[in-house]
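Colleague: The structure's right below; bear with me while I get my questions together.
The values are calculated or read from the model by the stated rules, or taken from the named source; none is laboratory data. Please read these numbers as outputs of a predicted model, since none were measured by experiment. Positions of Cβ are generated from backbone atoms using ideal geometry, with glycine treated the same way; all protein chains shown enter the neighbour counts. Side chains included, ligands, DNA and RNA excluded: accessible areas come from the protein's heavy atoms. Shrake-Rupley method; radii C 1.70, N 1.55, O 1.52, S 1.80 Å.
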Amino acid sequence: MRDQNSAIGSTGVAVPPAPTPAPAPRPLPAAVAAGPGSAAAGGSARAGTAFAVLGVFAFSLTFPATVWGLQSFGPWSLVSLRTVLAALLAAGFLLALRVPLPAREHRAGLAVVAGGVVIGFPVLTTLALQTSSTSHAAVVVGLLPLTTAAFAALRTGARPSRTFWAAAVTGAVVVLGFTLAQSGGAPSAGDGFLFAALLACAAGYTEGGRLAKVMPGWQVIGWALVLCLPLAVVGAVAGLAAEPVLLTGQGVAGLVWAAAGSTFLGLYVWYRGMARIGPARASQLQLAQPLLTLVWSVALLGERLSPAAPLAACAVLVCIAVTQRSGS
């Protein structure tokens, strides 16, 4: 019997051809690969940066505006009227937008913001500016971002790096040396007020940054202002009764800007920007504030800067920049 006639024939098994490799996918643009919300996130970051920059600009004019305001009002009258006007503006916004009252667990934090940012810092810096120049005060207050970072580290339990603390100590030494040189070897009463203002404002910024994570940042300062309104009204009445008032154009303009520009608008956009980009990025933008104030002190008040003032300001900015880049 032939093989080809065998009952068991050879059966061919069909083997499918090897599949052709699919072409490698083309990389998607970064905005598409990141998801549909990335463009919105980028826009939010840009808007937050713009808000924070406006805040820094407004803050840089605070000291010149305060000096102008002291031409017409006493220190207690000026601070109280400034707070009353800013609180009325904040209350108007909160009512117009029908913002509900803050939760009970947030009220203690709002009290810290009110005591540090709305009352403590304005009162202490106004008292300091009766004997200190705006350029001198600007350099001292240039430590505010650094002081805020230190408060935030204590509040959150974070442990900053050695580089952070080395830059912090260097900046403190620079500021201390500047203040002692400008005051003839001994700190003045104005310097004491300024350093106390740093601590008060840093505490308010730190607590406000914490609250901005759980409620809109602009509402943080809005409710803090409203919380201070009754006390500010009493202070304004008492201050106007006890202190002389001599209305001038610059004096009224200084009061209006300190209230509407620095206290309301400045803090409004600052907390709104900080809520979008975070306290760390916002504080980096604030590094320009001392130098801007030095410019305004020359342009608006006719002050003459000592060679040490801009050098000290730049040294402080370098130290603070190192702390921001060193991480925590």
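Colleague: Ignoring any ligand, DNA or RNA, what whole percent of the accessible area of region 96-159 comes from carbon and sulfur when the probe is 1.4 angstrom?
Modeller: Summing carbon and sulfur atoms, their accessible area is 61 percent of the total for region 96-159.
Colleague: Separate question: At 7 Å along Cα-to-Cβ for each site, give me the label-to-label distance between Leu88 and Leu101 in nm.
Modeller: Spacing of the two 7 Å Cα→Cβ label points: 2.4 nm.
Colleague: Just the number, please: carbon plus sulfur as a percent of the accessible area of region 169-328, 1.4 Å probe, no ligands or DNA/RNA counted.
Modeller: 71
Colleague: How big is region 248-309 by the Kirkwood estimate over distinct Cα pairs, in Å?
Modeller: With all distinct Cα pairs of region 248-309 included, I get 13.6 Å.
Colleague: Give me the accessible area per residue for region 152-285, probe 1.4 Å, as a whole number in Å².
Modeller: Using a 1.4 Å probe on heavy atoms only, each residue of region 152-285 averages 47 Å².
Colleague: Oh, and also: What is the extension gain from Ser44 to Arg155, computed as 0.36 nm multiplied by their sequence separation minus the C-alpha to C-alpha distance, in nm to one decimal?
Modeller: Separation in residues times 0.36 nm, less the Cα-Cα distance, equals 37.2 nm.
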